[in-house]
1. Somewhere in segment 226-249, is a residue out of contact with any His (no Cβ under 6 Å at 6 or more places or on another chain), under 21 Å from Ala127 (Cβ atoms), surrounded by fewer than 24 Cβ atoms within 10 Å (Cβ to Cβ) and among the aromatic types (Phe, Trp, Tyr)?
2. If we keep just the residues of segment 238-259 that are of a type in the set (Gly, Ala, Ser) and touching a residue at least 60 places away in the same chain (Cβ under 8 Å), which is nearest to Val141 (Cα to Cα)?
3. Can you spot a residue in segment 177-184 that is free of Cβ contacts under 8 Å to residues at least 60 places away in the same chain, hydroxyl-bearing (Ser, Thr, Tyr) and farther than 27 Å from Ala4 by Cβ?
4. Test each condition in (1) within 22 Å of Gln277 (Cβ to Cβ); (2) touching a residue at least 60 places away in the same chain (Cβ under 8 Å) for His126 and report the one that comes out false.
5. Starting from segment 58-80, keep only residues that are in contact (Cβ under 8 Å) with a residue 24 or more places away in the chain, then list their pairs with residues that are among the β-branched types (Val, Ile, Thr) and surrounded by 15 or more Cβ atoms within 10 Å (Cβ to Cβ) whose Cβ atoms are within a distance under 7 Å, requiring at least 6 positions of separation or different chains.
6. Considering each residue of segment 149-161, count those that are touching an Asp or Glu at 6+ places or on another chain (Cβ under 9 Å) and either assigned to a helix (DSSP H, G or I) or under 20 Å from Trp193 (Cβ atoms) (or both), and give that number.
7. Out of all the residues in segment 231-271, which are more than 17 Å from the chain's Cα centre (by Cα), closer than 14 Å to Met305 by Cα and of a type in the set (A, V, I, L, M, F, W, C)?
8. I'd like the residue in segment 17-47 that is of a type in the set (D, E, K, R) and crowded, with 16+ Cβ neighbours inside 10 Å and, out of all such residues, is farthest from Ala297 (Cα to Cα).
Amino acid sequence: MLAAYFSHPSMRQHEMGPGHPECPERLSAVQDRLLGSGLLDYMHDVTARPATREQIARVHDTLYIDELFAHSPAEGRHNLDPDTSMNPHTLEAALLAAGAAIEATDWVIQGQTQRAFCNVRPPGHHAERHQAMGFCFFNNVCAAMAHALEHHGLERVALIDFDVHHGNGSEDIFAGDDRVLMCSIFQTNFYPWSGEVPKGPNMVNVGLPERSRGEQFREAVTTRWLPALHAFRPQMLFISAGFDAHLEDDMGNLGLVEADYAWVTDRLGEVADQHAQGRIVSCLEGGYDLSSLARSACAHVKSLMGL
């Protein structure tokens, strides 16, 4: 069965100013690498549709959603925090990013594909229930998880987040929800300055000291994540796939390489095959050095496809 690739060209129209690391070129770098590798030839290439307000409201407060719609500028930019701003195309891009993750969930649960990768921006895992932050507006992967739980009736889903930054928004939304297990790694003492004290018993947060490399990452996965995942027996896996923990990405100070991303994806694929009918939806989060981002995402997708 072919894997599926979800994206939309309009996501490239969202931009937050010259030199901003969360730039439109990120999507192009990933897509070009997947095209050049030949992987896209073996994937369903799906143009995403926007999420509805109802779908977003499963994970975000309606007043917050109303504020984003009200603050969407007709021209120029509207700053939500020092790092996060909206241009006239941001709202559409954010709805498309969440919509891609939700539609990918439909495809996987309905059996049209077993694995899906969403090449999306803006990213989502810092977006909390009531606020945007850290380049994120809507929490794409959480919207997809809520769709799996509420619309499709799944009882247990797992979120795995290997971005260099802790997924504080995802934790805020699902902490204490016994239908969800969240496993994450992140650099300690680093933005968003959270994660080391979990907010709920369903959070397996593993902070890694700066300069940690693949050995420490793999030990965290083997000793902390995998036992928890097997005990939880998720019916579907969702991945917040951030690649800014790469050795070449100066956004953080961890030292992962492509082989580490392929290795962890293989391990997650084994969990999915054992407990979840192989079902995985992965959504792009961070990754700001374009070369290492493209190479790492390609290694991740190749592993998702079982190649």
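1. No: zero hits.
2. Result: Ser240.
3. Scanning segment 177-184 turns up no residue that is free of Cβ contacts under 8 Å to residues at least 60 places away in the same chain, hydroxyl-bearing (Ser, Thr, Tyr) and farther than 27 Å from Ala4 by Cβ.
4. (1)
5. These pairs meet every condition: Val59/Ile173.
6. Looking only at that region, the number is 3.
7. Passing the criteria: only Trp263.
8. Taking the candidates together, the pick is Glu22.
The values are calculated or read from the model by the stated rules, or taken from the named source; none is laboratory data. Keep in mind that this is a model prediction, so the values were computed, not measured. Using ideal geometry, Cβ is built from the backbone for each residue, glycine included, and neighbour counts are taken over all protein chains shown.
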